[in-house]
Amino acid sequence: MPKKITVGILFGGQSVEHEISVRSAKSIYEALDKEKFEPIVIGIDKQGQWFLETDIVKFMSSTIVTSTETQVTLVAHNNKSVFLPIAQNNLHALPVAHVDIIFPVIHGTTGEDGALQGLLKMMHMPYVGPNVLASALGMDKDFTKRILRDAGIPIAPYVSFHKHEQAFIDFEAIKTKLGLPLFVKPSNGGSSVGVSKVNNEAEFMDAVALAFSYDHKILCEECIKGRELECAILGNTHPQASVVGELILAQEFYSYHAKYIDENGAQLQIPAILSPELSTRIQETAIKVFQALGCEGLARIDFFMKEDNTLYVNEINTLPGFTSISMYPKLWQATGLSYRDLIEQLIHLSIERFTRGSELLTNI
């Protein structure tokens, strides 16, 4: 029997999406084919401490990472990575876990913004998802839009501001440029945290303050009225697109509350009711977005489409929600790829990319 691949499921983290990450990790653990893969569960608590989760029953019933398990640290050793226990005055600790690949499901800052990807790269550790640069670009909505604009991919009109410019933000000038209503959002973030739809100056000022409480850069963006469509991408050098799905909202926009609290906040229509020509155009555009940002592995691309079928890219999610009922897996299920097989493909894609990268010269 072939040796099992040891998969480190890394979850939790210090972002506001901690609890969502826990849900994703539990779904992946349950679905992973245990005949082919050996799961190792590593949680990062809200203080940034890493723990080896040995009590799987407790892990499956928890909503956050708690500091009751074996605290560990990741170290590089003989061109491989191992998890060592953190013990006071113990410089010769034996590894408590060796993993062949990391499946990170840490959503938000430090998890999908390139920080974690950079750490894993330095540790010579294969990992699921886009590389350092693609993750960083995909997380920063301002830089995402700049890249897509230069690639000729349509985006909603917007302006961005840094924290030190807050006192000089002119509501009237922005209203003239973008119209009302408009959206204010943190440039770096996910799950619609800190996002506001505003209709007047008072709401605008409150929205700016809220967005700046989550990030040092914010976006003010034109409100595109139309359908909200999503497409999942899978692959490395030859990515493929899933069927297109649609979010049918019961609220004004797809807020954090609508996504994770109100079970009636939105309905998913998979596949979306579209002509074959429109579906193909969306799929082709999604692949262009994926490639323009240098992604490999996976991503979900979100679109707005007006009544006249004008298409705008809203954003890219390089580490989308990964519960069995999240949009990314559901889009692939509707395309014919099961949740379990999707996880397996992502693992093998990551190993292939790591092997390809290892072939590069590192000295002269």
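Any read-out appearing in this document is the output of simple, stated calculations on the displayed coordinates, not a laboratory observation. Note that the structure is a prediction, hence the values are computed from the model and not measured. Positions of Cβ are generated from backbone atoms using ideal geometry, with glycine treated the same way; all protein chains shown enter the neighbour counts.
Which of these, Asn199, Asn236, Asn317, has the largest mean-square fluctuation under a Gaussian network model of the chain (Cα springs below 10 Å)?
Maximum among the listed residues: Asn199.
Placing +1 at every Lys and Arg Cβ and -1 at every Asp and Glu Cβ, with all other atoms neutral, what dipole size does the chain have around its Cα centre, in debye to the nearest 20?
Charge dipole, the chain, about its Cα centre: 660 debye, nearest 20.
What residues have an amide H closer than 5 Å to that of Ile40, excluding those fewer than 5 places away on the same chain, when H is modeled at 1.01 Å from N in the peptide plane?
Here Val7, Gly8, Ile9 satisfy the definition.
So how do Met125, Met60 line up by other beta-carbon neighbours within 10 Å, fewest first? All intermediate terms of the calculation are to be shown ahead of the outcome.
Values: Met125 21, Met60 13.
Arranged by neighbour count, lowest to highest, Met125, Met60 become Met60, Met125.
Could you give each residue of region 226-240 its phi-based ³J(HN,Hα) in whole Hz, using Karplus coefficients 6.51, -1.76, 1.60 with θ = phi - 60°, and x for Gly or Pro?
Coupling constants for region 226-240: x, 7, 9, 10, 9, 9, 9, 10, 9, x, 10, 6, 10, x, 10 Hz.
Angle between the Cα long axis of helix 276-292 and the longest principal axis of the chain, 0 to 90 degrees, nearest 10?
60 degrees
Looking at the chain, which longest stretch skips every one of the GluC sites (Glu not before Pro) that is in a DSSP loop with at most 11 other Cβ atoms within 10 Å, leaving the sites themselves out?
For GluC sites (Glu not before Pro) (loop position, at most 11 other Cβ atoms within 10 Å), the longest site-free span of the chain is 36-251.
Per residue of region 14-28, in order, report the coupling 6.51 cos²θ - 1.76 cosθ + 1.60 (Karplus, θ = phi - 60°) as ³J(HN,Hα) in whole Hz, putting x for Gly and Pro.
In residue order, the calculated couplings are 9, 7, 6, 9, 4, 5, 5, 4, 4, 4, 4, 4, 5, 5, 5 Hz.
Helix 339-358: angle to the longest alpha-carbon principal axis of the chain, degrees 0 to 90, nearest 10?
So the inclination is approximately 80 degrees.
Got the relative contact order for the chain handy, in percent, Cα pairs under 8 Å and 6 or more residues apart?
17 percent
May I ask you to sort Ser338, Ser213, Ser135 by Cβ crowding, counting other Cβ atoms within 10 Å and putting the fewest first?
On the way: Ser338 12, Ser213 9, Ser135 27.
So the residues, fewest neighbours to most, are Ser213, Ser338, Ser135.
As a footprinting exposure proxy, order Arg149, Arg300, Arg340 by other Cβ within 10 Å, with the fewest listed first.
The fewest-first ordering by Cβ neighbours comes to Arg149, Arg340, Arg300.
Amide H of Ala272: which non-local residues (sequence gap of 5 or more, or other chain) have their own amide H closer than 5 Å, using H built in the peptide plane?
Val244, Gly245, Glu246
For region 158-222, with only Lys/Arg (+1) and Asp/Glu (-1) charged at the beta-carbon, what is the dipole magnitude about the Cα centre, in debye rounded to 20?
180 debye
Do the sum for the chain: with -39,500 (n - 2.57) for every DSSP H run of n ≥ 4, divided by all residues, what is the mean residue ellipticity at 222 nm, to the nearest 500 deg cm²/dmol?
-9500 deg cm²/dmol
Once amide H atoms are built 1.01 Å from N in the peptide plane, which residues 5 or more positions from Leu32, or in another chain, come under 5 Å H to H?
none
Just list whichever of Lys288/Lys330; Lys185/Lys217; Lys185/Lys288; Lys141/Lys288; Lys175/Lys197 have alpha carbons separated by over 19 Å in the model shown.
Going by Cα-Cα distance, Lys288/Lys330; Lys185/Lys288 fall outside the 19 Å limit.
Across region 158-222, what fraction of all alpha-carbon pairs, as a whole percent, falls in each successive 10 Å bin from zero upward?
It works out to 25, 62, 13, in whole percents.
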